Every structure is written in structure tokens, then in C-alpha cells.
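Q: Could you have a look at this structure, given as C-alpha cells, before my questions?
The values are calculated or read from the model by the stated rules, or taken from the named source; none is laboratory data. Only a predicted model underlies this, so the values are computations on that prediction, with no experimental measurement involved. Positions of Cβ are backbone-derived with ideal geometry, glycine not excepted, and every protein chain shown enters the neighbour counts. Surface areas here come from the heavy atoms of the whole protein model, side chains and all, with no ligands, DNA or RNA. Shrake-Rupley method; radii C 1.70, N 1.55, O 1.52, S 1.80 Å.
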Amino acid sequence: MAKQSIFGRISTLVRANINALIDQAEDPQKMLDQLVRDYTNSIADAESAIAETIGNLRLLERDHQEDVQAAAEWGNKALAASRKADELRTQGNTVDADKFDNLAKIALQRQISEENEARAIAPTIATQTEVVDKLKDGLNGMKQKLDQLKSKRSELLSRAKVAEAQTKVHDAVRSIDVLDPTSELGRFEDKVRRQEALAQGKQELAASSLDAQFTALEDVGELTEVEARLAALKTGGSTPQALPASPDAV
């Protein structure tokens, strides 16, 4: 059962479509790392199971060879006993001849027994040989898949590093765009213009205040003249004459 389980796992892993697994994985790198571990562990289990299967097969082959060799040896003994019986019978010694014929029969029975054992083991050897061949093929397939996985993982890691570097460059470029020196100068220029406008406004405000002060002085002059004329009236004098008009006014 254990060997069948290993054989089934080998078949499943060898048929695995790595690209499909990668496409379905949320994190291909972690999935590939796990697959590499699974394949590595399965290969180790498979090698152990195959080694045990091969060992058992070699024992069967050795037993079969021993049965074949024993059958041949008993055949030779039967032949030797039969010849000795014929020789004794030729000499007229039928008692000993019959004894050697009986030995020949016993040897032939043992030969048949060894041949039967060898014949019984043969199908098992054939089956085990086929299993070992399939296991070896499956193991080689797993090793090829493992190499493919490792190559795919290396490719993926390289692509991930390139993508990460590209992302960093893109982010750096974008940050430079955000902190564009020309845009900073533009904002500073606007600030200077606003300060200049504020200064101009203050100057205009100060000038308008000065004009107001001079206007107030003119008003004070007019009030002073009115007061003088009023004082003249109260003293009984005549109304003060207005100042002569300026020649320019004529």
C-alpha cells in the first residue's frame, strides 16, 4: 500500500501543470517555494520506496536463480543416478540398479519442485520489474519537474526584483514631479507679488491719509477767516473785505 501511495503521488506530481498552479496562486513565490519543498520531500520518499522495491526485487531474482540452479543440480543428480543404475543393471546387479533408479526418481522430484518454485516466482518478478521501471520513470519526471520549478522560481524572483526596482524608479520620478522646483518658484513668485501688492496698498493708503490732513488744514483756514469777520461785526466795524481775486482768475 505504501508503494502504491508513493506511485500515485509521483504520478500526480509529474502531471501537475506548474503554469496553471502559478496562475491560480495568490502569492506565486510562496506557492513555488511550497511546491519545491513538496517535490523535494516526495522525491526523497520515492527514492526510499523505490530502493526498497528494488531490494525486494533483487531478493526475488536471487531466489529464482537459486531455484533454477537447484533444479539444474537435481537434474544432474538424477541423470548420474540413472546412468549408475543402467551401469549396474548391465553388470547384472539389479538390486543396486533399482536403488539408484529410485535415487534418480527422488532427484527428479526435487528438480520438479525447484522448477515449480522458480515458475511461481517468475510472474512476481515480472510485475515488480515493471513497477520499478515505472517508479524510476516517475522519479526522473519528478526531478525534471523540480528543476523546472527551481528555474521558474528563479525567473519569478528575478522578475519581482526588476518590477520592484521599476516601481521605486517610478515612485521617485513621481515624487520629483510633485516637488517640481519650477512649481515651487512659481508659488514663491506669487507670494512676492502678493507682498508687493500689499506694500503698494499701504503706500496708497498712506498717501490718501496725507491728502486728508491737507484738506483738514484748508478747512481750518476757512474757519479762521469766518471767525475774524464775525469779530469785526461784533466790534461795530464793517464786514471785512474779501481778498482781491488773483490776477489769474480775471
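For every residue, the table says whether it meets (1) under 11 Å from the mean Cα position of the chain (by Cα); (2) within 23 Å of Leu32 (Cα to Cα); (3) of a type in the set (Lys, Arg).
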position	(1), (2), (3)
Val131	no, no, no
Gly138	no, yes, no
Lys143	no, yes, yes
Leu149	yes, yes, no
Lys152	yes, yes, yes
Ala160	yes, yes, no
Glu164	no, yes, no
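Q: Given the criteria within 26 Å of Val68 (Cα to Cα), without any contact (Cβ under 8 Å) to a residue 60 or more places away in the chain, under 55 Å from the mean Cα position of the chain (by Cα) and surrounded by 12 or more Cβ atoms within 10 Å (Cβ to Cβ), does Ala107 qualify?
A: For Ala107, the condition - within 26 Å of Val68 (Cα to Cα), without any contact (Cβ under 8 Å) to a residue 60 or more places away in the chain, under 55 Å from the mean Cα position of the chain (by Cα) and surrounded by 12 or more Cβ atoms within 10 Å (Cβ to Cβ) - is not met.
Q: Another question about this same structure. Could you list, in sequence order, the residues of the range 56-74 that are surrounded by 14 or more Cβ atoms within 10 Å (Cβ to Cβ) and over 59 Å from the mean Cα position of the chain (by Cα)?
A: Ala70, Ala71, Glu73, Trp74
Q: Hey, Ala197 hits all of (1) assigned to a helix (DSSP H, G or I); (2) at pLDDT below 70; (3) open to solvent by less than 90 Å² (accessible area, probe 1.4 Å) but one; which does it fall short on?
A: So Ala197 meets the others, but not (2).
Q: Test of understanding: among Ser48, Ser82, which residue is touching a residue at least 12 places away in the same chain (Cβ under 8 Å) and either at negative phi or polar (S, T, N, Q) (or both)?
A: Sole residue among the options that is touching a residue at least 12 places away in the same chain (Cβ under 8 Å) and either at negative phi or polar (S, T, N, Q) (or both): Ser82.
Q: Suppose we filter Lys145, Lys150, Lys136 for residues that are of a type in the set (Lys, Arg), open to solvent by less than 50 Å² (accessible area, probe 1.4 Å) and part of a helix (DSSP H, G or I); which single one remains? Give the steps one after another, and end with the answer.
A: Values: Lys150 fails: open to solvent by less than 50 Å² (accessible area, probe 1.4 Å); Lys136 fails: open to solvent by less than 50 Å² (accessible area, probe 1.4 Å).
Step by step, each of Lys145, Lys150, Lys136 is checked, and only Lys145 is of a type in the set (Lys, Arg), open to solvent by less than 50 Å² (accessible area, probe 1.4 Å) and part of a helix (DSSP H, G or I).
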